[in-house]
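Readers should treat all values here as calculations from the given coordinates under stated rules, not as data from a laboratory. Computed from a prediction, not measured in an experiment: that's the story for all the values here. Using ideal geometry, Cβ is built from the backbone for each residue, glycine included, and neighbour counts are taken over all protein chains shown.
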Ligand code: NAD
């Protein structure tokens, strides 16, 4: 009988087997599992935290340039192993290989940015803030930091977090998604190969038990979280209650406004990838079109129906496919349930992806692209994040009405406007209550040297992920004021508040 291997934890540079609790990892294209993932106990997480705590003093004192060199080496190793990592992502997440490569490349760009840490950590210096007194501000590492990541970008989101955290001198405990855990663990092993000392980065696989052990540990100083809004809110409230710095990025419901003057053909093409890429399982996916006027709505619908009919859905291992399966059977059922709900609520289902069967992959979690017209703001399919290949068109009469809808929505992650009117675009970018905004750019995901984050219930905390905000998040500012009085000169006491008056 074949024994299913179990993916374990990486602690202090070693694989640690705590497999008392484990669960299967499925290949969504086949519905089969040939791997289990261990679910760490509290004791195992505490072992990982202790390892990070032990590694911290030496790592903190390692010159930033030496820490950065590890990132530079890791970048090369990630590029050398890109095919292997992309294959791991596709086998567990289901996304098409090309898309997995795209995700990894975005992750590599974060590693590249982390290699600029010596420059980013330089701080500020002022000479002679008062006679003979100099002052400077420096960014000091926090200590043990942690990250909890979602299934939908199993390689990239961990790379948003720990490379900059460790480049700033912290040590780290990562808890990847239990649904597709292999790539994060493999990348952590590459980091060891790149020269990261044992204990600087530890990986614990697990579920709520592992997350709670991180949240409740007094040693963990900061937590980065990316996932759904209910869990983000829990992480934020529980983490801050336990005295930690927390950034918790949550869910989304992104709207694309299509103005009457938009280049409709290009807007249709852009929306195809934005709505259906990665099977809609992106927090920056665009599941809603807000068409300004019936004329542009009708044209968009016609164009979308034609393009959707051409889409190829099948296993992600075949780059000829546009879309792979959904991540798990329960998620498939949930997304299908939303389509049923949309029909019940009275939206017009123009393209129905339910019932799709992919030949040779009958047990895979495949749902074909779905397209709704006449979606209304009161509907559940308008309000809630579906996280699947379901695109809805909402019809409005004016840009103001479109903006009001977006501003009233509980989420504020991303949005975009398709228009040729600069004045409308400027008004939109100025007044829309959303963190990441595109103008004729459907997925305005900031590059690695800008920061990523939404507004409203898409982000709990103050600082965004990666980019310059990550340096702020993973460091404490210390401002030092210094003078060296001449020896032997007696000075009188000064009782007034020191100032330059
Ligand atoms: P999720 O919230 O189910 O899981 C995220 C992480 O939280 C996982 O590591 C999981 O193990 C852990 N977790 C789950 N339930 C928990 C609980 N009860 N207590 C403690 N920890 C728990 O999210 P997901 O389904 O893996 O990912 C999809 C979600 O992530 C979507 O809502 C998507 O919008 C969001 N997301 C947001 C961003 C962003 O930047 N805003 C990026 C990617 C994904």
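Here the Kirkwood formula, the inverse mean of 1/r across different C-alpha pairs, assigns the chain a hydrodynamic radius of 24.1 Å.
The alpha carbon radius of gyration of the stretch 177-283, expressed as a multiple of 2.2 N^0.38 Å, is 1.48. As a proxy for reagent exposure, ranking 216, 331 by other Cβ atoms within 10 Å from fewest up yields 216, 331. Neighbour counts of other Cβ atoms within 10 Å put 432, 223 in the fewest-to-most order 432, 223. Inter-label distance, residue 447 to residue 398: 3.8 nm, where each label sits 7 Å from its Cα along the C-beta direction. Over every Cα atom in the stretch 255-439, the radius of gyration and the widest Cα-Cα span, Dmax, amount to 16.0, 52 Å.
Note on the stretch 307-396: Cα Rg divided by 2.2 N^0.38 Å, N the number of residues, gives 1.10.
Computed packing ranks the peptides 341-348, 442-449 as 442-449, 341-348, most packed first, by mean other Cβ atoms within 10 Å. Label zone (residue 305, point 7 Å along Cα-to-C-beta; backbone nitrogen cut-off 16 Å) within the stretch 378-408: 391-394. Ratio of Rg to Rh for the stretch 208-338: 1.12 [Cα atoms; Kirkwood radius as inverse mean 1/r over pairs].
The share of alpha-carbon pairs in the stretch 56-136 lying farther apart than 23 Å comes to 47%. With neighbours defined as other Cβ atoms within 10 Å of a residue's Cβ, the residues 187, 15 order from fewest to most as 15, 187. The angle between the Cα long axis of helix 156-167 and the main principal axis of the chain comes to about 10°, on a 0 to 90 degree scale. A simple spin-label model places pseudo-atoms 7 Å from Cα toward Cβ; at residue 20 and residue 242 they are separated by 1.9 nm. Ranked by the mean number of other Cβ atoms within 10 Å of their residues, highest first, the peptides 197-209, 465-477, 418-430 fall in the order 197-209, 465-477, 418-430. Protection proxy ranking for 383-389, 290-296, using the average of other Cβ atoms within 10 Å per residue and placing the highest first: 383-389, 290-296. Note on residue 491 and residue 137: with the Förster distance fixed at 30 Å, the Cβ-Cβ geometry gives a FRET efficiency of about 0.70. Given their separation in residues at 0.36 nm each and the Cα-Cα distance between them, residue 312 and residue 265 gain 14.9 nm when the chain is fully extended. Label reach from residue 476 (point 7 Å along Cα→C-beta): in the stretch 141-164, amide nitrogens under 11 Å belong to 141-144. Between residue 429 and residue 127, the simple spin-label model (points 7 angstrom out along Cα→Cβ) gives 4.0 nm. Dividing the summed helix terms, -39500 (n - 2.57) for each DSSP H run of n ≥ 4, by the number of residues in the chain produces a 222 nm estimate of -12000 deg cm²/dmol to the nearest 500.
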